[in-house]
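K.L.:
The structure is given below, and queries will be raised subsequently.
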Amino acid sequence: MTLEFFSNLYMAFSVAIQPTNLFFCFVGVLIGTLIGVLPGIGPVATISLLLPSTFQITPVSALIMLAGIYYGAMYGGSTTSILVNIPGEAASVVTCLDGYQMARKGRAGPALGISAFGSFIAGSLATLILMLIAPPLANIALKFGPPEYFTLMFLGLTVLTYLASGSMIRALMMACVGIFLGTIGTDTISGLERFTYHSYTLMDGMGLVPVIMGLFGISEVLLNIDEQSTRREIYQAKLSNLLPNREDWRMAILPILRGGLIGFFLGILPGGGAVIASFGAYAMEKRISKNPERFGQGAIEGVASPESANNAASQGAFIPLLTLGIPANVVMAILLGALLIHGMKPGPLLMKQHPDLFWGVIGSMYLGNAMLLVLNLPLIGIWVKILKIPYPILFPLIILFCLIGCYSLNNNVYEILIMILFGMVGFLMKKFNYEGAPLILAFVLSPLMENALRQSLIMSHGSFTIFFTRPIALVFFIVAIFLLVSPLIPGLKKVPKGGDID
Amino acid sequence: MKSQSRISTLVWLLFALLICVESLRLPLGSWRDPGAGFLPLGAGIFLGILSVIAFFQTGPQKGEKVQRSRWSKGRWKSIVLILLALCGYSIFLDFLGFLLTTFFLLILLFRFVEPQPWKVAIGGSLLASVLSYVVFEIWLKTQLPPGVLGF
């Protein structure tokens, strides 16, 4: 086991340290931090935006860069929470509570510092656990058949709708819409065209990139314009002394470790992710604290714990993608799409068929976390300056990037029209409190779910009992049903926040 | 608020009906061998049922953001302008080419949505369109449409 671990570690670093991969890892974490800093553009839109540009590079470099954007955004998201009281990312919402209070008390430096150090420590810890857990889990996943896959994906969707920040019914509705959208195009089993209406663009199915860019990129711009949330005030105090002192470390180190562990395991949970991890870690710290009244008044634990948790969760989320081929959240759903476009099939065999990809990405996470630490502390001043770019200047550029990203995928203007359509739909969805995350996850999972469902029914000669007679499938199914009916059970409270990733 | 929320569920109900009608035109197969229309029909039926439930659960749900006003006064014009500009962009992109279409789109967005001085609008549009052309077309070799003028 130990020998295998070190051999894997060697492979991870030998791939990650190659100059090209190192370069793309750096580009990824840099872009990730930048978009994490900028409110109004998140990792979902950015990864979709840069997806077409990765077609020119190897799948390993592509995944390393896209992964770097994701966990890099978690680092960057804290900067705006602390300095502006506006979370750069949904996963940094809870950091506002104590981070901004610390800044107001003249302790912005240590708040930013501990969030960077905490993210680094938790990120590295999460990568280590990822290395230890992934291989045995992939071996177990080899025993999965279509019924297990179907019930697991069903569970993932259920968890996401259960954790939705609004109405669970509406989240389930969005999951149904996503499943329908995923069926558009040529049916892989019968070869029949479905809902294409002879459109050449729709024959291969609705493109993932135009749908995501519309729902998360264009709609966000429209919402910001509509709500005039285009002006923001930046904390003006001079930033100095970014290094936390000995007392800060004493108070923060255990919350960092606890946040890292909670974050990692909540990140693995299908439908979970960085948002729920940061809230969970904060709530736990407050509960076990001897002085819970300090929380919300500028407690350093209130910054260290959620920031560690969201970073660890972003790495934990790779477990179901790389070992089972099932995305745990929307970002992972896009990465799944990216891997499929690159001709890779994520799942239990990925580790055996493409060890360079699997271990290379893990190795790059260690290096990426170190780069982020080195990048973030000296560059905080630059991020603050970027934050001062007025939104009226920024939004046309966001739209331009969406247009280029969408068009360059297939050189097809109709995909731009699809993006505009989903931009409008996404804007209305936000206005009426429908979440985009369940729609996207269901949209990506839909073809996989359909194949698994149809294969299961063929295997069982049309009997649905196949989902109840196989132990693993039964467990997934029971948990999913429990989550679905739990809001109806008196005394069982719904988890208050989470769900939306972007 | 309440009626608008209900209308949104009715829109989804109509959409669900449309999905069901269109799915029924596809072969549904049997339980033993489900056809191409099987899953979309299921999704349509569930969407319809959930829309009806949501219709009767009007008003903001527990934990849902309560908005004072769903629509900002006068801002809808900017939203419509952006959407029209984007539609225009997709129509003229192949004909006029990337550089020109992008330049005009950016001027429109800079100048008329959140009005900037002409100097900023023209300078920013020129800089952004040329820079993006250099990065994507020349550096990343993305094939952007040249249009009738050849660039």
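K.L.:
Output the residue which, of all residues in the stretch A:165-208 that are assigned to a loop (DSSP other than H, G, I, E, B) and among the polar types (S, T, N, Q), is farthest from the other protein chains (Cβ to nearest Cβ).
P.N.:
Here is the first cut: in the stretch A:165-208, the residues assigned to a loop (DSSP other than H, G, I, E, B) are A:165-167, A:184, A:187-192, A:195-199, A:204-207.
Filter again for among the polar types (S, T, N, Q), leaving A:165, A:167, A:188, A:190, A:196, A:199.
Values: A:Ser165: 6, A:Ser167: 4, A:Thr188: 10, A:Ser190: 5, A:Thr196: 11, A:Ser199: 14 Å.
Here the answer is A:Ser199.
K.L.:
Still on this structure: Report every pair of residues separated by at least 6 positions or lying on different chains whose Cβ atoms are under 7 Å apart, first residue within the stretch A:184-199 and of a type in the set (Asp, Glu), second outside any strand (DSSP E or B).
P.N.:
A:Asp187/B:Ala36; A:Glu193/A:Met203
K.L.:
Same structure again: I'm trying to understand the selection: among the residues of the stretch A:441-474, which are more than 8 Å from every other protein chain (Cβ to nearest Cβ), crowded, with 20+ Cβ neighbours inside 10 Å and either free of Cβ contacts under 8 Å to residues at least 24 places away in the same chain or closer than 30 Å to A:Asp226 by Cα (or both)?
P.N.:
Matches in the stretch A:441-474: A:Leu441, A:Ala442, A:Phe443, A:Val444.
K.L.:
For the stretch A:94-110, name all the residues that are closer than 13 Å to A:Gly77 by Cβ and not β-branched (Val, Ile, Thr). Walk me through how you get there before you give the answer.
P.N.:
Initially, the stretch A:94-110 is screened for residues closer than 13 Å to A:Gly77 by Cβ, giving A:94-96, A:99.
Result: A:Cys96, A:Gly99.
K.L.:
Determine whether A:Gly405 is surrounded by 19 or more Cβ atoms within 10 Å (Cβ to Cβ), closer than 28 Å to A:Met153 by Cα and of a type outside the set (A, V, I, L, M).
P.N.:
On the way: surrounded by 19 or more Cβ atoms within 10 Å (Cβ to Cβ): yes; closer than 28 Å to A:Met153 by Cα: no; of a type outside the set (A, V, I, L, M): yes.
When the stated conditions are applied, A:Gly405 does not pass them.
K.L.:
Does any residue of the stretch B:16-38 turn out to be at pLDDT below 95, within 29 Å of A:Asp226 (Cα to Cα), crowded, with 16+ Cβ neighbours inside 10 Å and more than 8 Å from every other protein chain (Cβ to nearest Cβ)?
P.N.:
Checked the stretch B:16-38: no residue is at pLDDT below 95, within 29 Å of A:Asp226 (Cα to Cα), crowded, with 16+ Cβ neighbours inside 10 Å and more than 8 Å from every other protein chain (Cβ to nearest Cβ).
Residue-wise test of (1) touching a residue at least 24 places away in the same chain (Cβ under 8 Å); (2) within 14 Å of chain B (Cβ to nearest Cβ).
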residue: A:Met332; (1), (2): no, no
residue: A:Pro348; (1), (2): yes, no
residue: A:Met365; (1), (2): yes, no
residue: A:Asn376; (1), (2): yes, no
residue: A:Ser408; (1), (2): yes, yes
residue: A:Met424; (1), (2): yes, yes
residue: A:Phe432; (1), (2): no, yes
residue: A:Leu439; (1), (2): yes, yes
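K.L.:
Right, something else. For A:Glu415, state whether it is within 8 Å of chain B (Cβ to nearest Cβ), charged (D, E, K, R), in contact with a helix residue (DSSP H, G or I) (Cβ under 6 Å, 6 or more places away or on another chain) and surrounded by 19 or more Cβ atoms within 10 Å (Cβ to Cβ). Give the steps one after another, and end with the answer.
P.N.:
On the way: within 8 Å of chain B (Cβ to nearest Cβ): no; charged (D, E, K, R): yes; in contact with a helix residue (DSSP H, G or I) (Cβ under 6 Å, 6 or more places away or on another chain): yes; surrounded by 19 or more Cβ atoms within 10 Å (Cβ to Cβ): yes.
Taking the combined requirement at face value, the residue does not satisfy it.
K.L.:
Would you confirm, using the coordinates I've provided, whether A:Tyr162 is out of contact with any Leu (no Cβ under 6 Å at 6 or more places or on another chain), aromatic (Phe, Trp, Tyr) and surrounded by 21 or more Cβ atoms within 10 Å (Cβ to Cβ)? Steps first, answer last, please.
P.N.:
On the way: out of contact with any Leu (no Cβ under 6 Å at 6 or more places or on another chain): no; aromatic (Phe, Trp, Tyr): yes; surrounded by 21 or more Cβ atoms within 10 Å (Cβ to Cβ): yes.
Considered against the rule, which asks whether it is out of contact with any Leu (no Cβ under 6 Å at 6 or more places or on another chain), aromatic (Phe, Trp, Tyr) and surrounded by 21 or more Cβ atoms within 10 Å (Cβ to Cβ), A:Tyr162 comes out as no.
K.L.:
Which fully enclosed helices (runs of 4 or more DSSP H) of the stretch A:284-368 have 3 or more residues being in contact with a helix residue (DSSP H, G or I) (Cβ under 7 Å, 6 or more places away or on another chain), at pLDDT below 85 and among the hydrophobic types (A, V, I, L, M, F, W, C)?
P.N.:
On the way: elements: A:301-316, A:330-341, A:350-353.
Counting at least 3 such residues, we get A:330-341.
K.L.:
Just need a number here: residues in the stretch A:72-122 that are aromatic (Phe, Trp, Tyr) and farther than 14 Å from A:Leu243 by Cβ. Full working, then the answer.
P.N.:
Let us first name the residues in the stretch A:72-122 that are aromatic (Phe, Trp, Tyr), namely A:75, A:100, A:117, A:120.
Now restrict to residues that are farther than 14 Å from A:Leu243 by Cβ: A:75, A:100.
Going through the stretch A:72-122 one residue at a time, the tally reaches 2.
The values are calculated or read from the model by the stated rules, or taken from the named source; none is laboratory data. In this text, all values refer to a predicted model and were calculated from it rather than measured experimentally. Here Cβ is always computed from backbone atoms with ideal geometry, including for glycine, and neighbour counts include all displayed protein chains.
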